[in-house]
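The values are calculated or read from the model by the stated rules, or taken from the named source; none is laboratory data. Just so you know, these numbers come straight off a predicted model, no measurement behind them. For neighbour counting, all protein chains shown are included, and Cβ atoms are generated from backbone atoms with ideal geometry for every residue, glycine included. All accessible areas refer to the heavy atoms of the entire protein, side chains included, with ligands and DNA or RNA removed. Shrake-Rupley method; radii C 1.70, N 1.55, O 1.52, S 1.80 Å.
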Amino acid sequence: MARYKITLSYDGFNYMGFQIQNALPTVELALKKAFSALIHEDVKINPSGRTDRGVHAVGQVIHVDLNVDIPTNGLKKGLNAYLPSDIFIKDVEIVNETFHARFSAVKKEYRYYINIKEYNPLTCRYSPYIPNLDLEQMRKAADVFVGTHDFKAFASASIDPRKPTVKTIYKIDINQKDGYLEFCFIGNAFLKYQIRRMMGIIVEAGKHRYTIDQILHILESLDPKESKYILDGCGLYLYQVDYDYHKE
């Protein structure tokens with residue numbers, strides 16, 4: 001048996017998220033079908049994290065344990081032959097059995113894109129249109145989240161109460177490029193809905209509807225009901241997952 005680390009990208013528009021949900025279209029279901037067609041096995045997919053409905057990925061990572069001996073390039077080509085056109089295997093490598101796509105991750109980067117120039121029906125599936133935002137005020141709001149905090153107020157209210165909600169955000173950069181705002185979140189891990197809820201309040205600050213003191217109050221409240229603004233998943237991308245490990 002060999003453990004394979006697989007990096008993939010996907011357009012999340014047609015999927016109900018990453019995690020399998022019976023027969024509903026999900027990225028995990030598409031991967032399982034591709035493995036079944038290629039090697040005739042029901043393969044367990046272990047992702048670095050589970051993206052929500054409509055969320056995209058540039059560098060999602062999974063690992064699988066296979067009973068067949070297959071070269072990495074052959075696995076890449078074979079899976080891509082069976083996957084739909086909106087999912088693509090970018091890289092495959094064999095790793096030590098101690099590697100885990102989720103638990104071995106040391107850093108994750110997500111990016112969120114907002115169209116601020118003009119509504120575009122060709123890009124609305126990938127970046128919401130939100131004009132007239134105060135960029136400097138949004139930078140001040142984003143700074144509130146940098147560091148180690150309990151982000152329970154910005155998590156899904158349905159998360160397992162046993163799940164730790166203290167996370168560290170190393171950096172949040174906001175860049176303006178060709179009529180779009182790019183928000184880069186780098187941290188050790190993120191909770192379900194955390195980035196979309198933080199983006200919701202950052203945008204509200206950019207509309208001068210929330211002050212920095214009000215944002216601090218929400219963060220300290222530890223109450224998800226206080227962070228009631230959640231931006232659409234269409235603008236969110238799992239960009240990169242970093243690991244500290246030795247290859248096989």
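Determine whether region 147-155 contains at least one residue that is among the β-branched types (Val, Ile, Thr) and crowded, with 18+ Cβ neighbours inside 10 Å. Within region 147-155 (the criterion being among the β-branched types (Val, Ile, Thr) and crowded, with 18+ Cβ neighbours inside 10 Å), the answer is no, since none of the residues qualifies. Scanning region 156-180 for residues that are open to solvent by less than 70 Å² (accessible area, probe 1.4 Å) and farther than 19 Å from residue 107 by Cα yields a count of 6. Of the residues examined, residue 21 is not one that is within 26 Å of residue 190 (Cβ to Cβ), of a type in the set (S, T, N, Q), buried (at least 20 other Cβ atoms within 10 Å of the Cβ) and in contact with a helix residue (DSSP H, G or I) (Cβ under 9 Å, 6 or more places away or on another chain). The single condition among (1) over 22 Å from residue 236 (Cβ atoms); (2) open to solvent by 20 Å² or more (accessible area, probe 1.4 Å); (3) assigned to a helix (DSSP H, G or I) that residue 137 does not satisfy is (1).
Table: residues versus (1) among the hydroxyl-bearing types (Ser, Thr, Tyr); (2) in contact with an Asp or Glu (Cβ under 9 Å, 6 or more places away or on another chain); (3) within 16 Å of residue 226 (Cβ to Cβ).
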position: 170; (1), (2), (3): yes, no, no
position: 178; (1), (2), (3): no, no, no
position: 196; (1), (2), (3): no, yes, yes
position: 205; (1), (2), (3): no, yes, yes
position: 209; (1), (2), (3): no, no, yes
position: 212; (1), (2), (3): no, yes, yes
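In region 212-248, of all residues being modelled with pLDDT under 95 and assigned to a helix (DSSP H, G or I), the one that is most open to solvent (accessible area, probe 1.4 Å) corresponds to 225. Remark: residue 148 falls outside the filter, which requires a residue to be closer than 20 Å to residue 112 by Cα, part of a strand (DSSP E or B) and either small (Gly, Ala, Ser) or without any contact (Cβ under 8 Å) to a residue 60 or more places away in the chain (or both).
Can we say residue 129 is open to solvent by 70 Å² or more (accessible area, probe 1.4 Å) and aromatic (Phe, Trp, Tyr)?
Numbers: open to solvent by 70 Å² or more (accessible area, probe 1.4 Å): yes; aromatic (Phe, Trp, Tyr): yes.
Criteria met by residue 129.
Yes/no per residue for (1) assigned to a helix (DSSP H, G or I); (2) among the acidic types (Asp, Glu):
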residue	(1), (2)
160	no, yes
164	no, no
167	no, no
171	no, no
174	no, no
182	no, yes
195	yes, no
199	yes, no
210	no, no
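Just checking, how many residues over region 2-23 are closer than 16 Å to residue 105 by Cβ, of a type outside the set (Val, Ile, Thr) and not in a loop (DSSP other than H, G, I, E, B)? Number of matching residues: 3.
As a summary of the residue check, residue 52 satisfies the conditions (1) more than 30 Å from residue 171 (Cβ to Cβ); (2) in contact with a helix residue (DSSP H, G or I) (Cβ under 7 Å, 6 or more places away or on another chain) except for the one numbered (1).
Scanning region 182-189 for any residue that is under 22 Å from residue 106 (Cα atoms), of a type outside the set (Asp, Glu) and open to solvent by 40 Å² or more (accessible area, probe 1.4 Å) turns up at least one such residue. Only residues that are under 21 Å from the mean Cα position of the chain (by Cα), farther than 22 Å from residue 242 by Cβ and among the charged types (D, E, K, R): list them for region 53-95, please. Answer for region 53-95, where residues must be under 21 Å from the mean Cα position of the chain (by Cα), farther than 22 Å from residue 242 by Cβ and among the charged types (D, E, K, R): 53, 86. The number of residues in region 86-126 being surrounded by fewer than 18 Cβ atoms within 10 Å (Cβ to Cβ) and not β-branched (Val, Ile, Thr) comes to 19.
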